[in-house]
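Below is one structure, written out as structure tokens; the observations come after it.
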Amino acid sequence: MKILSPGKVRPLIVALVLAGIVIMALAGYLAPLLRMAINPVVDVQSWISTRYMALYDFITVPRDIASLRQQNAVLTNANSQLQTQIIQLQQQLKEAEVLYALLDFARSRPENEYVASAVIGRDPSPFMSYVIIDHGSDDGLRHGMPVVTQQGLVGRVDAVTSSAARLQLITDPGSSINVRLQSTQTEALLQGSITGDLTLEMIPQETKLKAGDLVLTSGLGGGYPSDVLVGQVVSIQHREGELFQSASIQPAVDFSSLRAVLVITNFKPVDIEPLTPTLSP
Amino acid sequence: MIMPVLIGIPVLLLSLVIQTTAFSRLPLLYGTADIVMLVILAWMLNERVKHGWEWVLMAGIMVSFVSALPFFTPLWGYLAAAGLSFWLKKRIWQSPVLAMLVSTFIGTMIMLLLSMVVLQINGSAISTKEAFNLVILPSLLWNLILSIPVYSIINELVDWVYPDEVNV
């Protein structure tokens, strides 16, 4: 009796062997064997792939470089335009901040009339602390008008043309202003210097000064309105045997970054020149 | 020939604008460069220039108008400095760069010492020692640094205004 002929047994054996292999593979028994067989293939695949991509890049890159260069130029151009815009906007923001501060200051003193002006230059001589502003007699500016910022006193109008004016800063060596110490109500004289340092002179010896005391304009002499902040005391020079003591003053205004100022146009300075005693023949 | 004089107006105005807007805001200690003076010194030093004094007068008047220095001090200072430059041109014309440096040195000293003396006479509280250390010497250094570039630029301008005559 021949149930299974050799021709039918072979496929059955093959099927059983395959089924066994599949079961062994599923059970994980063939993993090391598979790894040993696959790893060289993957390595070869990687090697070929790398070379192929290198070759592909070599062939296609010139076209990409050209397009990338073009894109780069466009983006660089856009970037520089944006940078310029940022700088312009930052500049406008700074100017707006200065103007808002000046506006706040002007609103807080409604009794005064102001003309806001931008500082456009400085005196060519290094000895002179003068600045040039972009408003002149056409805007109502006249010689002697006091100039302030939101921080305090800047100086006064020294010379005027139709569209520009020159201001003498309080730090100029030729500037002397009558001031008052807020704490003691003592009158004194504020003197500028070539270094921009301010010195308070003619302070009576009995006056008790301390660092931080505020210095305001006194209004004496009629050159400046009273009670405008000038600065504060930094150090005191008190020498025995001298008639007066002196003090170094830190100006309230930062003159190194002076961008915009307010000219008080309704203040009429008093010319006391005719009242000054002269030698008569 | 009025052309070189006319060219002087925009050149000197531009120098003055650059001076007041830029260089006066760039102090070295408390000293600043004087571009207008360097321009007229470089102009006066050039061999081919025939209208130097007109430039000096224009520069002096312009700066005197803008500056608060009294008694037209910039005008007298520039005339003195340019006179020195003119004198130097005749003596050391073979070395124009050396002449520029020497005239910058002496011109700066003349200009700033004159300004200091005038201000002291006018009643400003200026200490001579402080003025020397903090203003005059730093200004001198600034001017010497800028003298050669200014000389080169003005030399180009001279070449354009007074082109070399070519014999055919």
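The values are calculated or read from the model by the stated rules, or taken from the named source; none is laboratory data. The structure displayed is predicted, hence computed values, not measured ones. Neighbour counts are summed over all protein chains in view; Cβ atoms, including those assigned to glycine, are modelled from backbone coordinates with ideal geometry. Please note that ligands, DNA and RNA were not included when accessible areas were found on the heavy atoms of the full protein model with its side chains. Shrake-Rupley method; radii C 1.70, N 1.55, O 1.52, S 1.80 Å.
Chains A and B together bury some 1900 Å² of accessible area, summed over both sides, with a 1.4 Å probe.
Report summary: the helix-based calculation at 222 nm, which adds -39500 (n - 2.57) for every DSSP H run with n ≥ 4 and divides by the residues of chain A, gives -13500 deg cm²/dmol. P(r) tail for region B:3-161: Cα pairs beyond 29 Å make up 12% of the total. Taking all protein chains in place and a 1.4 Å probe, what share, in percent, of the accessible surface of chain A do carbon and sulfur account for? Roughly 60 percent of what the probe reaches on chain A is carbon or sulfur. Taking max minus min of the alpha-carbon positions on each principal axis, region B:103-168 gives extents of 63, 22, 13 Å, largest first. Comparing each chain alone with all protein chains together (probe 1.4 Å, DNA, RNA and ligands left out), the residues of region B:38-71 losing at least 10 Å² of accessible area are B:Val63, B:Phe65, B:Val66, B:Ser67, B:Ala68, B:Leu69.
Quick one: accessible area per residue over chain B, 1.4 Å probe, rounded to a whole number of Å²?
49
When a 1.4 Å probe is rolled over the protein heavy atoms, the share of accessible surface on region B:117-168 that falls to carbon and sulfur comes to 62 percent. Whole-Hz Karplus values for region A:200-214 come out as 9, 10, 6, 8, x, 4, 6, 6, 8, 9, 9, 4, x, 4, 7 Hz, taken residue by residue from phi with 6.51 cos²θ - 1.76 cosθ + 1.60 and θ = phi - 60°; glycine and proline positions read x. In order along region A:236-247, the Karplus-derived 3J(HN,Hα) couplings, from 6.51 cos²θ - 1.76 cosθ + 1.60 at θ = phi - 60°, round to 10, 10, 10, 10, 5, x, 9, 5, 10, 9, 10, 8 Hz, and Gly and Pro are given as x. What the Cα atoms of region A:116-268 give is an Rg and a Dmax of 15.6, 53 Å. With a 1.4 Å probe on protein heavy atoms only, tell me which residues of region A:118-154 lose at least 50 Å² of accessible surface in the complex relative to the chain by itself. In region A:118-154, residues shielded by partner chains: A:Arg122, A:Pro124, A:Pro126, A:Phe127, A:Met128.
Taking amide H atoms as placed 1.01 Å from N in the peptide plane, the amide H of A:Asp158 lies under 5 Å from those of A:Gly144, A:Arg166, A:Leu167, A:Gln168, each 5 or more residues away in sequence or on another chain. The long axis of helix A:6-27 is offset from the longest Cα principal axis of chain A by roughly 20 degrees. Which distance in Å, rounded to a whole number, links the C-alpha centroids of region A:21-80 and region B:71-136? Going from one Cα centre to the other spans 75 Å.
Rounded to the nearest 20, the Cβ-based charge dipole of chain A about its Cα centre (Lys and Arg +1, Asp and Glu -1) stands at 2820 debye.
Size descriptors for the protein assembly as shown (Cα atoms only): Rg and Dmax, in that order, 39.2, 168 Å. For region A:33-108, the average shadow cast by the Cα convex hull is 11.0 nm², which is a quarter of the hull's surface. Counting only alpha carbon atoms, the long axis of helix A:31-108 and the longest principal axis of chain A meet at about 20°.
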